[in-house]
Amino acid sequence: MPAIAWPLSSRPGLSDAEGAGRLINAFAEKLGDGARAPVSVRRAPGLSRFVDVGVSGPRGARQVGPVVLAAYQNTLVRISEDRTVAALGPLPGSERITIARNNRQPNPDAVAVTELGAYRFLPDGAPQPLQTPSGLPAPNSVCELFGILFFTAGNGDCYATGINGLTFNTNDKTTEQARPGGLLRGIAFRDELFLFGPSGIGVYGGQSQANGFPLARVTGIPRGLIGPWAVAGHEEGWSNELIWVGDDSVVYQLSGYSPARISNHDVERDLAAAAKVDPKAIEASVHLVAGHAFWAVSMPGRTWVYDLTTQQWHERASHQSARWRASQSVKAFGRWLVGDTVGTGLLEVTESAFGEDGDPLRFRVESLPAQGFPARLAIPRADFDFALGVGGLSADPTISDPRVLISWSDDGGRTWSNPLSRPLGRQGESRTRINLLRTGMTGPQGRIWRVDVSDPVYCALLGGAMAVEARTE
């Protein structure tokens, strides 16, 4: 029987007729030589609750010494590895923030830039306003490099503190003037300072300067940043390249000092549509799970994830939402932790979780079209190759007797059949067969198969095949 072609990357297409398969909460992983299939399509890592912080509206988090400092709406909390949470006091504002800390020992200075100004974080007290140099513009981001804190501003200025301190010299500043538009974000990466503007990036580094701004300009990159939060890959614990959404709605990966396009047209169309509404609503984050380096970009209505390990894209969508509920990420306590946009939890991204903090995580794969254009095809039988016997010992039937829902479309994905339920096998039932009989005739656009698994068990699709009979009518 001909094989059903499953996608390696999600490509919904601009129209139903142009789609080339979808992966939603699912990603492809190449299997070893001799496996019964070359590729396994697995459920994306789930979200388990690390701790309930008791407040909502995540704005940013950073590990500072032995604790994580996490900002929520109007509040700063301290989280310890033993999962104790302490509210430190008010941090005015509700928008995302940047957090930086220097290398002072034993207690580094930690500061944040919010939409309402700069604040200093104290180990056991409420954040305090940070007095920035008189006559310099209000900062819009902060980062650190070599123990120095660098503040960017909308007029293109970047000014620095002294090493491992919070004192300023008004001469320790520069203005990035290669391209107009000022600055949106400062990022420390690869022992260099990247100053992102809306139409270009200035790169600073080299030998530290004794007087004036502490770094020299190295080069410029003629590609800007679409919004202040649309860049990730500089986070501690991430060992891959810097990736950002450019001012042209294209996703770029840094290659030397050149921007290398890694997005496809489906990703770019979604980003362009989101940017027309609010570029600040586009936010990127990173996480590492089981050898896969994932770079995620979320916007209203969609989340796209790039797997640097396979160089493929997939989509994420949380329960009753069109986008992923995770927001921002921080590597702490040996875990990748993310904020929760729908609850009060600080969540861990982990492949051992098959749901999202109590909500189902629906694994969905839509095949490439099977067609014999212009002839129609009769499909007397279709078989689906899953990892079987994945049920667990539980009184919950979704765990003990998990099932897959299979449906199909004969008009390019515009409409779908009622789904048919098939068992994935109770624990140890590895001889279960998953097949459908007499599913009718395809349309002129061929047949697309859709498989859904929402039950909280391990899920892996290895392949599929279908019998076909060509018809001329």
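Read-outs throughout are calculated quantities, based only on the coordinates presented, and are distinct from any laboratory measurement. If you're wondering where the values come from, they're calculated on a predicted model, not measured in any experiment. FYI the Cβ positions are ideal-geometry reconstructions off the backbone, even for glycines, and counts take in every protein chain you see.
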Which distance in nm do the two modelled labels at Lys331 and Asp383 give, with both placed 7 Å along the Cα-to-Cβ direction? 4.4
Computed from the beta carbon distance with a Förster radius of 25 Å, FRET efficiency for Asp278 and Ala138 to the nearest 0.05 stands at 0.75
Share (percent) of C-alpha pair distances in the stretch 251-408 greater than 21 Å works out to 59
Near-label residues of the stretch 431-473 by backbone N, under 12 Å of a point 7 Å along Cα→Cβ of Ala375: 468-473
Take every Cα pair under 8 Å in the chain that's 6+ residues apart, average their separations, divide by the length, and report that relative contact order as a whole percent. 16
Could you tell me the center-to-center distance, by alpha carbons, between the stretch 294-367 and the stretch 430-459 in angstrom? 25
What are the semi-axes of the equivalent ellipsoid of the stretch 153-221, taken as the square roots of 5 times the eigenvalues of the Cα gyration tensor, listed largest first and rounded to whole Å? 19, 14, 10
If you wrap a convex hull around the C-alpha atoms of the stretch 94-165 and split its volume per residue, what is the figure in Å³? 87
Counting other C-beta atoms within 10 Å, which of Met441, Met299 has the fewest, and how do the rest follow? Met441, Met299
Given unit charges at Cβ for Lys, Arg (+) and Asp, Glu (-), the dipole magnitude of the chain about its Cα centre in debye, nearest 20, is 520
Separation of alpha-carbon centers, the stretch 45-115 and the stretch 155-212, rounded to whole Å: 25
Equivalent ellipsoid, the stretch 150-288 (semi-axes from 5 times Cα gyration tensor eigenvalues, Å): 27, 16, 13
Order of Trp416, Trp304 under a 10 Å beta carbon neighbour criterion, fewest first: Trp416, Trp304
For Thr432 and His265 in the same chain, what is the full-extension length gain: residue separation times 0.36 nm, less their Cα-Cα distance, in nm? 56.2 nm
Using the per-residue mean of other Cβ atoms lying within 10 Å as a proxy for protection, in what order, highest first, do the peptides 324-334, 160-170, 50-60 fall? 324-334, 50-60, 160-170
Under 20 Å from the Gln131 label point (7 Å along Cα→beta-carbon), backbone N, the stretch 148-176: 149-151, 159-173
Fewest-first ordering of Ser263, Ser48 by Cβ atoms within 10 Å yields Ser48, Ser263
If R0 is 22 Å, what FRET efficiency do you get for Val39 and His319 from their C-beta distance, rounded to 0.05? 0.25
Can you compute the modelled spin-label distance between Arg104 and Met1, with each label point 7 Å from Cα toward Cβ, in nm? 6.9
Which value, in debye to the nearest 20, gives the size of the charge dipole of the stretch 268-398 about its Cα centre, when Lys and Arg are +1 and Asp and Glu are -1 at the Cβ? 360
Given only helices, namely DSSP H runs of n ≥ 4 each adding -39500 (n - 2.57), what is the per-residue ellipticity at 222 nm of the chain, to the nearest 500 deg cm²/dmol? -1000 deg cm²/dmol
Neighbour-limited loop hits for trypsin sites (Lys or Arg not before Pro), the stretch 77-113 (at most 14 other Cβ within 10 Å; DSSP other than H, G, I, E, B): Arg83, Arg104
Extension reserve of the Arg190-Ala290 stretch, reckoned as 0.36 nm per residue once the Cα distance is removed: 33.6 nm
In nm, what is the difference between 0.36 nm times the number of residues separating Trp416 and Thr167 and their Cα-Cα distance? 83.3 nm
Explain nothing, just the number: dipole magnitude of the stretch 1-118 about its Cα centre with +1 on each Lys and Arg Cβ and -1 on each Asp and Glu Cβ, in debye rounded to the nearest 20. 180
Could I have the simple spin-label model distance between Tyr257 and Arg217, label points 7 Å from Cα toward Cβ, reported in nm to one decimal? 1.1
